[in-house]
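Comments concern the structure below.
The values are calculated or read from the model by the stated rules, or taken from the named source; none is laboratory data. Model, not experiment: these values are computed from the prediction. All Cβ positions, even for glycine, are placed from backbone atoms using ideal geometry, and neighbour counts span all protein chains on display. Ligands, DNA and RNA are stripped out before the accessible areas are found, and what is left, the full protein with its side chains, is counted by its heavy atoms. Shrake-Rupley method; radii C 1.70, N 1.55, O 1.52, S 1.80 Å.
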Amino acid sequence: MTLLRGDALSAAFDHGSAAYDRLVAASPGYHAHLRRSARRLGLPAGGRGLRVLDLGCGTGASTAALLAAAPQARITGVDASAGMLDRAAAKSWPEGVDFVHAPVEELAGRLRSGSFDAVFAGYLFRNLADPDKALDLVRGLLAPDGRLAVHEYTLGGSPVHRAVWNTVCATVIQPAGRLTGDAGLYRHLRRSVIEFDTAPAFAGRLRRAGFRDVRVLPLPGWQTGITHTFVGVGERS
């Protein structure tokens, strides 16, 4: 199977959006881990006066996590899937939260350079055809010393981590995807993690993109060694 990219991946998420919230709610720790990663941005004063970009916001789970961590921040959620974004926008949000339908690759012409104090990206970079280009774009959207947090499936490098991921996919994730008619999307999920960077490799990618003070932070539960938070600080080029 070839990994889904671009319009094909957006279409798969459009179709999968109807069942997406139910499936992730059944995953132990899913929402708690997003909230932990959002807190790791370390936004002061509840985010008062800060603008935060939520890349790959999907149905709004990461947006809700950011609000829990920084309830006073202005948050812009972005996603390439119209179906996922429609479900996010239909939920109840406080003033200061808005959504933009666009692929990450097109944001440079739509959002002002240096206009965000922080960027959060949940489960995004392994789905991009050119993650390095996207990181350059993100760095350009950040204000000087702006903060980045990436919440991503990135295997720790041990054969055990790979084995656990494959077992969970084969016994839980892919069967659930077949039941909802989204088998292709969840096959993609499994392979996209296997073929993406390990956690140390992605940390290196962030440093090469110009982020400093990069740290790799673990998450608990069965996701230990499988899902990580990456935090860093950007400087505009």
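Take L34 and tell me if it is in contact with a Ser or Thr (Cβ under 6 Å, 6 or more places away or on another chain) and in a strand (DSSP E or B).
The answer is no for L34.
Give the residue that is surrounded by the most Cβ atoms within 10 Å (Cβ to Cβ), with candidates limited to residues of segment 65-95 that are farther than 20 Å from V150 by Cα and charged (D, E, K, R).
R87
Of all the strands (runs of 3 or more DSSP E) wholly in segment 141-237, which have at least 2 residues that are of a type in the set (D, E, K, R) and either farther than 30 Å from S113 by Cβ or open to solvent by 20 Å² or more (accessible area, probe 1.4 Å) (or both)?
142-153, 212-218
Kindly evaluate R147 against the criterion of being closer than 23 Å to L67 by Cα, charged (D, E, K, R) and over 15 Å from the mean Cα position of the chain (by Cα).
no
So which of D14, D98 is assigned to a strand (DSSP E or B) and either surrounded by fewer than 14 Cβ atoms within 10 Å (Cβ to Cβ) or more than 15 Å from the chain's Cα centre (by Cα) (or both)?
Going through D14, D98 in turn, just one is assigned to a strand (DSSP E or B) and either surrounded by fewer than 14 Cβ atoms within 10 Å (Cβ to Cβ) or more than 15 Å from the chain's Cα centre (by Cα) (or both): D98.
Restricting attention to segment 101-111, which residues are part of a loop (DSSP other than H, G, I, E, B) and open to solvent by less than 40 Å² (accessible area, probe 1.4 Å)?
Just the residues of segment 101-111 that are part of a loop (DSSP other than H, G, I, E, B), to begin with: 102-103, 110-111.
Across segment 101-111, the qualifying residues are A102, L111.
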